[in-house]
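Notes follow the structure.
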Amino acid sequence: MNPKAKILLVEDDLNLSSLLCEFLESKGHTVVHASDGIEGKNHYVNDSFDLCILDVMLPRKDGFTLATEIRQLSENIPLIFLTARNRDDDRISGFRTGCDDYITKPFSSEELNLRIQAILKRCMNLKPDGKGEIYFLGNARFDSGNLLLFTNNKEHQLTPKEAALLRLLCLHKNNLLPRDQALLEIWGGADYFIGRSMDVFIARLRKYLKEEPAVSIQNIHGSGFKLEVKE
């Protein structure tokens, strides 16, 4: 059964947004539309959503700025960017904001729906169930089921992707975690731009663990990563 979502669509092209609203609602989703970045931010603050679809070039506030503000309110909400531009730096900027996908116009409505379904299913698989394993990393403790990392008397609430990535690293402790394996299991793809997104998450995990002298996450050039823990 395909999951259904309440979607915030921020798109200033009224013809396209009308078509997308009608199509996505026919697939069982609930869609709230905004035509500019400020309106989109107001909807997000005053309502609850499962996923956001943001055009990059928006009036009053662009999609990247809106995504950054949404991320400050919720680290876990899935984001999809729509754009008429196909520049690599735009895609990299999108993934640096933590987006889950990036679709270049023109695109088919069915393709968009398939990507939405893939993201929702991955998010469902990454949700905490309270029954995950406990991992000890030097003086740090990682509660994978509740997405909690305890370091030096600090508690870090991880996002589902951060927790899933750290769990994979723990399962491969002191051994290579192949880059493509992590990308496919957590992001569902292994292209260059998704890889750049994963690098952002690796950097976050390093920041959380920086005060643990016995723990480090090493880049293995061309292969992947290794969580090194000195016993």
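The values are calculated or read from the model by the stated rules, or taken from the named source; none is laboratory data. Being a predicted model, the structure only gives us computed values, none of them experimental. In this analysis, Cβ positions are derived from the backbone assuming ideal geometry, glycine residues included, and neighbour counts consider all displayed protein chains.
Mind listing whichever residues of the range 160-187 are among the polar types (S, T, N, Q) and in contact with a helix residue (DSSP H, G or I) (Cβ under 8 Å, 6 or more places away or on another chain)?
Initial filter on the range 160-187 (among the polar types (S, T, N, Q)): 174-175, 181.
Correct list: Gln181 only.
Candidates are the residues of the range 183-222 that are touching a strand residue (DSSP E or B) at 6+ places or on another chain (Cβ under 7 Å) and small (Gly, Ala, Ser); the one that is surrounded by the fewest Cβ atoms within 10 Å (Cβ to Cβ) is Ala214. Considering only residues in the range 94-120 that are among the charged types (D, E, K, R) and either in the same structural domain as Ala190 (by TED's automatic domain parsing) or part of a helix (DSSP H, G or I) (or both), the one that is surrounded by the most Cβ atoms within 10 Å (Cβ to Cβ) turns out to be Arg115. Scanning the range 1-12 for residues that are in contact with a Ser or Thr (Cβ under 9 Å, 6 or more places away or on another chain) and either acidic (Asp, Glu) or surrounded by 19 or more Cβ atoms within 10 Å (Cβ to Cβ) (or both) yields Ala5, Ile7, Leu9, Val10, Glu11, Asp12. Checked against the criteria, Ala67 does not count as aliphatic (A, V, I, L, M) and either without any contact (Cβ under 8 Å) to a residue 24 or more places away in the chain or farther than 22 Å from Gly195 by Cα (or both).
I'd like to check something: does the range 146-153 contain any residue that is surrounded by 18 or more Cβ atoms within 10 Å (Cβ to Cβ), modelled with pLDDT of 90 or more and out of contact with any helix residue (DSSP H, G or I) (no Cβ under 9 Å at 6 or more places or on another chain)? Scanning the range 146-153, I find no residue that is surrounded by 18 or more Cβ atoms within 10 Å (Cβ to Cβ), modelled with pLDDT of 90 or more and out of contact with any helix residue (DSSP H, G or I) (no Cβ under 9 Å at 6 or more places or on another chain), so the answer is no. Let me spell it out: the conditions are (1) more than 24 Å from Ile116 (Cα to Cα); (2) part of a loop (DSSP other than H, G, I, E, B), and Ala190 meets all of them except one. Which number is the exception? For Ala190, the exception is condition (1). Condition check for Lys41 on (1) under 25 Å from Ser197 (Cα atoms); (2) touching a Ser or Thr at 6+ places or on another chain (Cβ under 8 Å); (3) among the basic types (Lys, Arg): one failure, at (2). Among the conditions (1) surrounded by fewer than 18 Cβ atoms within 10 Å (Cβ to Cβ); (2) within 17 Å of Arg115 (Cα to Cα), the only one that Phe81 does not satisfy is (1).
Per the listing Leu24, Leu58, the residue uniquely touching a residue at least 60 places away in the same chain (Cβ under 8 Å), over 18 Å from the mean Cα position of the chain (by Cα) and not in a strand (DSSP E or B) is Leu24. Each residue in the range 47-67 was checked for being surrounded by fewer than 16 Cβ atoms within 10 Å (Cβ to Cβ) and modelled with pLDDT under 90, and 2 of them qualify.
Within the range 54-67, not a single residue is touching a Pro at 6+ places or on another chain (Cβ under 7 Å) and either outside the structural domain of Ile186 (by TED's automatic domain parsing) or not charged (D, E, K, R) (or both).
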